[in-house]
Protein chains: 2
Amino acid sequence: MTPLSYTDADIVALLGTHGIQVTSQRVLIAQLLFQGMTHLSADDVHRLANAGGQQVSKATVYNTLGLLTEKGVIRQVIADPGRVFYDPNTKPHHHFFDVDTGKLSDIDASGVEINGLPSLPTGTRLEGVDVIVRLRSTKHS
Amino acid sequence: MTPLSYTDADIVALLGTHGIQVTSQRVLIAQLLFQGMTHLSADDVHRLANAGGQQVSKATVYNTLGLLTEKGVIRQVIADPGRVFYDPNTKPHHHFFDVDTGKLSDIDASGVEINGLPSLPTGTRLEGVDVIVRLRSTKHS
DNA sequence: CTTAATGCAAAGGCTTTGCAGAGAC
DNA sequence: GTCTCTGCAAAGCCTTTGCATTAAG
């Protein structure tokens with residue numbers, strides 16, 4: 001499905017570029033995210049990491065996801081109350097969120113244009129603009 | 001600050017219009033939200049409700065906020081990981097969210113225009129479009 | 001060797017749930 | 001009298017924290 005493939009070396013280079021010390025757990029976690037370019041929750045990452053023979057603790061999963069976010073390697077998506085998703089795609093883009101299934105999907109930002117936003121309140125600077133298009137699955141009626 | 005004022009009768013009418021049975025707790029909670037037209041977390045509501053002499057349990061606060069949301073009297077704002085805000089303003093509008101302070105503020109939708117969103121995935125219908133402009137407080141450097 | 005990362009378990013927020021008692025109609 | 005709402009406490013996610021152990025440079 002995903003044409004991109006990330007070798008261990010790619011991931012190691014990615015971490016290095018961002019000034020992140022390389023460990024086996026960090027490589028594994030980053031790989032899980034970039035492999036499928038999918039949106040994963042911390043629990044998803046924890047489950048997938050431990051499914052592959054390797055063993056990674058929950059604390060390390062959270063530490064690593066936090067670190068990767070802080071260093072700009074991945075970003076958080078706040079769409080589901082009570083669960084943060086992590087997104088390896090840091091290019092500007094937006095999201096569909098299916099309220100019924102809890103699934104996220106990307107909206108390419110290239111076609112999307114947002115006009116008329118007011119200027120920022122004084123004393124603040126822009127961190128980012130998130131657009132979440134909430135969906136419901138069409139079923140029963 | 002807010003020119004609007006909601007009497008008990010207004011709130012009772014509002015609940016009635018939406019097919020919600022009137023109880024003193026529900027009136028109080030709705031009033032807290034509509035009084036200031038502010039964004040409140042469940043905990044805010046709980047604290048404010050109990051500050052005013054009346055006593056309302058946490059369970060009732062959550063039940064009532066859920067009911068008001070379901071009936072379309074208020075809406076949720078998902079911006080802060082780990083905390084849901086409730087917004088009495090159900091007209092289309094967007095939000096600033098200050099990542100540092102955790103404060104939400106409104107962006108009037110009337111000037112804002114979003115173009116180029118792709119069509120919805122098949123089998124889904126639109127629930128709403130949320131735009132969150134994330135801010136950081138400009139401080140130290 | 002010295003510093004940083006990991007793992008485990010416990011603790012911490014926020015929210016939901018189960019069920020008895022109180023209130024609404 | 002019947003049905004619904006409320007309150008209390010316990011339980012449930014998700015996430016963070018503290019500290020001893022292990023790995024990295």
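Quick notes on this structure:
- Residue within segment B:100-119 that is farther than 24 Å from A:ILE107 by Cα, part of a loop (DSSP other than H, G, I, E, B) and within 16 Å of DNA strand D (Cβ to nearest atom) present: yes
- Among the residues making up segment B:73-107, those that are over 17 Å from A:ARG134 (Cα atoms), more than 10 Å from every other protein chain (Cβ to nearest Cβ) and among the aliphatic types (A, V, I, L, M) are B:VAL73, B:LEU104.
- Options B:GLY82, B:GLY72, B:GLY111, B:GLY123; residue that is surrounded by fewer than 12 Cβ atoms within 10 Å (Cβ to Cβ) and under 11 Å from the mean Cα position of the chain (by Cα): B:GLY72
- Yes/no for B:THR7 being at pLDDT below 95, more than 13 Å from DNA strand D (Cβ to nearest atom), surrounded by fewer than 16 Cβ atoms within 10 Å (Cβ to Cβ) and closer than 30 Å to A:HIS95 by Cα: no
- Scope segment B:9-35; condition part of a loop (DSSP other than H, G, I, E, B), without any contact (Cβ under 8 Å) to a residue 24 or more places away in the chain and among the hydrophobic types (A, V, I, L, M, F, W, C); matching residues: B:VAL22
- Any hit, segment B:122-131, residues being touching a Ser or Thr at 6+ places or on another chain (Cβ under 7 Å), within 7 Å of chain A (Cβ to nearest Cβ) and of a type in the set (S, T, N, Q): yes
- Of all residues in segment A:37-57, those satisfying the criterion of being modelled with pLDDT of 95 or more, hydrophobic (A, V, I, L, M, F, W, C) and over 27 Å from A:ASP108 (Cβ atoms) are A:ALA49, A:VAL56.
- Residue satisfying all of: in segment A:35-52; more than 13 Å from the chain's Cα centre (by Cα) and within 12 Å of DNA strand C (Cβ to nearest atom); nearest to the other protein chains (Cβ to nearest Cβ) among these: A:HIS46
- Scanning segment A:108-119 for residues that are touching a strand residue (DSSP E or B) at 6+ places or on another chain (Cβ under 7 Å), closer than 25 Å to A:ILE74 by Cβ and within 7 Å of chain B (Cβ to nearest Cβ) returns A:VAL112, A:ILE114.
- Check on B:ARG26, buried (at least 18 other Cβ atoms within 10 Å of the Cβ), modelled with pLDDT of 95 or more and over 23 Å from A:ALA79 (Cβ atoms): yes
The values are calculated or read from the model by the stated rules, or taken from the named source; none is laboratory data. Computed from a predicted structure; not experimentally measured. Note: ideal-geometry Cβ built from the backbone for every residue, glycine included; neighbour counts use all protein chains shown.
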